[in-house]
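So the structure is just underneath, and the comments pick up after that.
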Amino acid sequence: LNAGPTAVDLHQAQATVQAAEQAMSRAHADLAAATLVAPYAGVVLEVNASEGETVAAGAPVLRLTDPTQVEAEITVVEEDFPLVKVGQTVDLFFDAMPAAAITGRVERIVPQRSATSTSPVYPVYIALDTAGPELAPGMTVDASVVIDRREEVLRLPRSLVRARPDGTATLKVWNGFSTEERTVQVGLRGNQYAEILSGLAEGDQVVSR
């Protein structure tokens, strides 16, 4: 007859099993750590590593975007900057979708001149109300910020009015014999027209500079 396992044998066997279980747990943990999990569902824009390549800690492996959370960056000129406010409605016209406008709202305004432009313009970021698969990062867009709406007002073509930061502008007005400079108070300014609050009367002839 063979003698059964001793207490020492059983203890060693149990220790071997425990070591194997711990090794398996570590292997599962290592496998989980090696798996990239996106923080949200989206579209991969860029992959910076290949299969089997060693990646340094903290190095970006890929770029991900959420197609349902699209943001547009526009710029506004210096004289319009004081008129733009967070929450205002914006109509956006994409070259990729010329037949339809997409609405959005002003989400944030950067009170610092754009470093990529030689003219005095300021970045404004627009959150789109809807975004479809037709839109992609880097597309060009024209935007119209709806500041306010006015009817039955005195107005001039925008090209004739260059408003200063305090809302005034100097115009050349024909008085019947010659031109005279006149300071006017400017109100709302659109893409085509500027509202004149004071300094002009209906019928006054403004001369282009």
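When Thr68, Thr16 are checked against the criterion of being at pLDDT below 85 and among the polar types (S, T, N, Q), Thr68 stands alone in meeting it.
Just one of the listed residues (Asp91, Asp95, Asp30) is touching a Ser or Thr at 6+ places or on another chain (Cβ under 7 Å) and surrounded by fewer than 11 Cβ atoms within 10 Å (Cβ to Cβ), namely Asp95. Pairing residues of the stretch 72-89 that are over 18 Å from Val141 (Cα atoms) and modelled with pLDDT under 90 with residues that are charged (D, E, K, R) and surrounded by fewer than 16 Cβ atoms within 10 Å (Cβ to Cβ), at Cβ distances under 8 Å and at least 6 apart in sequence or on separate chains, gives Glu79/Arg162; Glu79/Arg164. Taking the stretch 109-149 as the range and being modelled with pLDDT of 85 or more, assigned to a loop (DSSP other than H, G, I, E, B) and among the polar types (S, T, N, Q) as the test, the residues that pass are Gln112, Ser114, Thr140. Here Gly176 meets the list (1) in a loop (DSSP other than H, G, I, E, B); (2) among the small types (Gly, Ala, Ser); (3) modelled with pLDDT of 90 or more almost entirely, failing just condition (3).
Of all residues in the stretch 60-100, which are under 13 Å from Ile147 (Cα atoms) and not hydroxyl-bearing (Ser, Thr, Tyr)?
Taking the stretch 60-100 and keeping what is under 13 Å from Ile147 (Cα atoms), we get 76, 80-91.
Once the filter is applied, which keeps residues that are under 13 Å from Ile147 (Cα atoms) and not hydroxyl-bearing (Ser, Thr, Tyr), the stretch 60-100 yields Val76, Asp80, Phe81, Pro82, Leu83, Val84, Lys85, Val86, Gly87, Gln88, Val90, Asp91.
The values are calculated or read from the model by the stated rules, or taken from the named source; none is laboratory data. Just so we're clear, the structure is a prediction, and the values are computed from it rather than from any experiment. Note: ideal-geometry Cβ built from the backbone for every residue, glycine included; neighbour counts use all protein chains shown.
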